[in-house]
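The values are calculated or read from the model by the stated rules, or taken from the named source; none is laboratory data. Just so it is clear, the model here is predicted, and its values are computed rather than measured. Glycine also receives a Cβ, built like all others from the backbone with ideal geometry; neighbour counts cover every protein chain displayed. In case anyone asks, the SASA skips ligands and DNA or RNA and just uses the protein heavy atoms, side chains included. Shrake-Rupley method; radii C 1.70, N 1.55, O 1.52, S 1.80 Å.
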Amino acid sequence: MLATADVDGVVEGSIPGFANLARVPIDQMRVSIEILSSPDLDSRTPDHEGRRIEIIEGGWRILNYRIYRER
């Protein structure tokens, strides 16, 4: 997702399309999206309750994109 995000951290696509791009089964992509968009109490970055992405119309937004962009 980081490699395909725009300057605002938005990743456009669908689960089947992104699964194809990532070369993973669609079911695995669905599980991954669920994990990345769920709260993570053990996250080292507690912003957004530890969530990594949010589901938006047409794809996803990487919530901590600025951190990665600045690295």
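Structural remarks
- Residue list for the stretch 22-38, filter: charged (D, E, K, R) and in a helix (DSSP H, G or I): ASP27, ARG30, GLU34
- Residue within the stretch 2-18 that is of a type in the set (Gly, Ala, Ser), touching a helix residue (DSSP H, G or I) at 6+ places or on another chain (Cβ under 7 Å), assigned to a helix (DSSP H, G or I) and surrounded by 14 or more Cβ atoms within 10 Å (Cβ to Cβ) present: no
- Test: residue in the stretch 26-39 that is of a type in the set (Asp, Glu), open to solvent by less than 70 Å² (accessible area, probe 1.4 Å) and more than 13 Å from the chain's Cα centre (by Cα): no
- Filtered residues of the stretch 47-71 (kept if surrounded by fewer than 17 Cβ atoms within 10 Å (Cβ to Cβ), within 22 Å of LEU21 (Cβ to Cβ) and among the small types (Gly, Ala, Ser)): GLY58
- Single residue of the stretch 19-56 satisfying the filter (among the β-branched types (Val, Ile, Thr), without any contact (Cβ under 8 Å) to a residue 24 or more places away in the chain and touching a Ser or Thr at 6+ places or on another chain (Cβ under 8 Å)) that is farthest from TYR68 (Cα to Cα): VAL24
- Long-range neighbours under 7 Å by Cβ, at least six apart or interchain, first residue free of Cβ contacts under 8 Å to residues at least 60 places away in the same chain within the stretch 7-18, second in a loop (DSSP other than H, G, I, E, B): VAL11/MET1; VAL11/ALA5; GLU12/GLY58
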